[in-house]
Structure formats: C-alpha cells, structure tokens
Amino acid sequence: MSEEGRPRLHPLLAARWSPSTFDEAAEISTDEVESLLEAARWAPSAGNSQPWAFIAARRGEPDHARLVRHLARSSGAWAPRACLLVANLSHRFVEDTDWDYSEFSAYDLGQAVAHMTVQAHSLGLFVRQFRAFDRDGLAAEFDVPSHWEVTTMSAIGRIPADLVPGAPRGRRRVDEVRWPPPATH
Ligand SMILES: Cc1cc2nc3c(=O)[nH]c(=O)nc-3n(C[C@H](O)[C@H](O)[C@H](O)COP(=O)(O)O)c2cc1C
C-alpha cells in the first residue's frame, strides 16, 4: 500500500504472472482474440511506426499445429495446451536492405506484447511469453520475409481452477531499479 492507502500496483498488474500450466479444455472466443490484437494495435511506438505483426492461432486451428511444430522441447511440453498461440514479429529492416526499419522495433514490439498481456489478464486469461522455439523454422513455415523477425511467442490461456502457483516469483527491490544503483558497503 502507498502512504495514501492506494495499492502500489494496479490489481491487473499485481495478479499477472506467467504460468506454464494451462487448462487444455478452455477456449478463447474470436472476439477475445480480436480484443488482444486491438490492445497491441494501440501501443505506443517510435514515430507511430507500429513495427509489429502477429501470427495468432487458436488450439484446433490448422495454423496452431504449424506453430506447435516449431516449439522447442521445453515449450512443447506446456505451450500447446494454451487456448491461443501467438508469434510476435518485429519489422527489423527496410526491405532488401540492412538498414534498420526502426531503431526501436524490438522495443516497440515488446510494448505491444505487454499491452496484449495486460488486456489478456483483464479477460481472465494468462500469458507466458517465450523464446524457446525455432525462429528460422517458424519464419520459413509462414513465409515471413527476411526484413521481419519472429522475435518471441506468447502462449495465452486459462489456468486450472485448482492450480497452485509454483515457486515464489522474485524481483529486484525498487531501490535497485533506480539509477544510480544504491551504494554497496
Ligand atoms: C522475452 C521473454 C522470453 C522468455 N522466454 C521464456 C522461455 O523461453 N521459456 C519460458 O518458460 N519462459 C520464458 N519467459 C517467461 C519468463 O521466464 C517470465 O516472464 C519470468 O520468469 C518472470 O515471471 P512472471 O512473468 O511470472 O513474473 C520469457 C519471457 C520473456 C519476456
């Protein structure tokens, strides 16, 4: 709580965490998927360049199987059970050049995915973002051109009602995220 008695963190942010157990019977509606993409769409970006794109597929859809094919052994054990898999793409280069499309394309994609993540939580969904997949294989599978990068994926779903979160989540203290860092003795 703050000194004024407000929670320090918005309840949506406080309740967010990244499960690796999903309810494999749960579903996500097309409306909810649209709402997640809408949240990403409204993220800020440098010069409003919006350097992002998403391959989104619900469990059971043909594109879901195509995404699952490229998961690593680790993510393959839990991500397919989520209702929705999303590949998060950043616009890295100007087509046919090695010039940055935007110096901030990865930064901006991260913000868009953060927006999507918080929107998901507002819908009672949970998100685990992850890197454990074959980037090149997935890019080839979906004909992603080389000036775009498949940067991360998100598994989005519901958690079993009786799921007990695993190990406590750790964070650096607030004074440790301020610059300059606190003096050490
Ligand atoms: C860019 C990025 C890559 C990640 N890669 C993986 C991954 O490959 N496998 C995994 O299990 N979790 C992955 N995570 C999830 C993090 O481990 C998780 O967010 C972190 O431990 C903090 O936990 P919390 O989200 O529950 O607060 C990734 C998260 C981000 C943002």
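Once Rh is set to the Kirkwood radius over Cα pairs, what Stokes-Einstein translational diffusion coefficient, in µm²/s, holds for the chain at a temperature of 10 °C and a viscosity of 1.306 mPa s? Don't skip to the answer; put the middle values down first.
Values: Rh = 18.0 Å.
Diffusion coefficient, whole number: 88 µm²/s.
Given the C-alpha centroids of the stretch 159-185 and the stretch 63-130, what is the distance between them in whole angstrom?
Using only Cα atoms, the two centres lie 23 Å from each other.
Please report, as a whole percent, how much of the solvent-accessible surface of the chain comes from carbon and sulfur atoms (probe radius 1.4 Å).
On the way: 5940 of 11310 Å².
Percent of accessible area from carbon and sulfur atoms in the chain: 52.
How large is the helix-only mean residue ellipticity at 222 nm for the chain, computed as the sum of -39500 (n - 2.57) over DSSP H runs with n ≥ 4, divided by its residue count, in deg cm²/dmol to the nearest 500?
Values: 6 runs with 53 residues, N = 185.
Taken over the chain, the calculation gives -8000 deg cm²/dmol.
Taking the Cβ of G47 as the centre, find all other residues whose Cβ is under 14 Å away and add up their charges (Lys, Arg: +1; Asp, Glu: -1).
Working: positive: none; negative: D100, E103, D108.
Result for the local shell: -3.
Of L67, L12, which has the most accessible area and how do the rest follow, probe 1.4 Å?
Working: L67 0, L12 55 Å².
I get L12, L67, largest accessible area first.
By the scheme Lys and Arg +1, Asp and Glu -1, what is the net charge of all other residues having a beta-carbon under 15 Å from that of I156? Spell out each step's value before the answer.
On the way: positive: R16, R58, R59, R81, R128, R158; negative: D23, E24, E27, D31, E32, E34, E38, E61, D63.
Neighbour charge sum, excluding I156 itself: -3.
What number comes out for the charge environment of S122, summing +1 per Lys or Arg and -1 per Asp or Glu over other residues with Cβ under 11 Å away? Spell out each step's value before the answer.
Working: positive: R16; negative: E32.
Once all neighbours under 11 Å are counted, the net charge is 0.
Averaged per residue, what accessible surface does the chain expose to a 1.4 Å probe, in Å²?
On the way: 11310 Å² over 185 residues.
Accessible surface, normalised per residue, equals 61 Å².
How many angstrom lie between the Cα centre of the stretch 30-44 and the Cα centre of the stretch 1-16?
The two parts, judged by their Cα centres, are 25 Å apart.
Please check: in the Gaussian network model of the chain (C-alpha springs, under 10 Å), which one of A15, A114, A87 has the largest mean-square fluctuation.
A15
Working out 0.36 nm times the residue gap between D31 and W99, then minus their Cα-Cα distance, what length gain in nm do you get to one decimal?
20.8 nm
The values are calculated or read from the model by the stated rules, or taken from the named source; none is laboratory data. Bear in mind the structure is a predicted one, so any value in this text is a computation, not a measurement. Positions of Cβ are generated from backbone atoms using ideal geometry, with glycine treated the same way; all protein chains shown enter the neighbour counts. Keep in mind that these areas ignore ligands, DNA and RNA; they rest on the heavy atoms of the full protein, side chains included. Shrake-Rupley method; radii C 1.70, N 1.55, O 1.52, S 1.80 Å.
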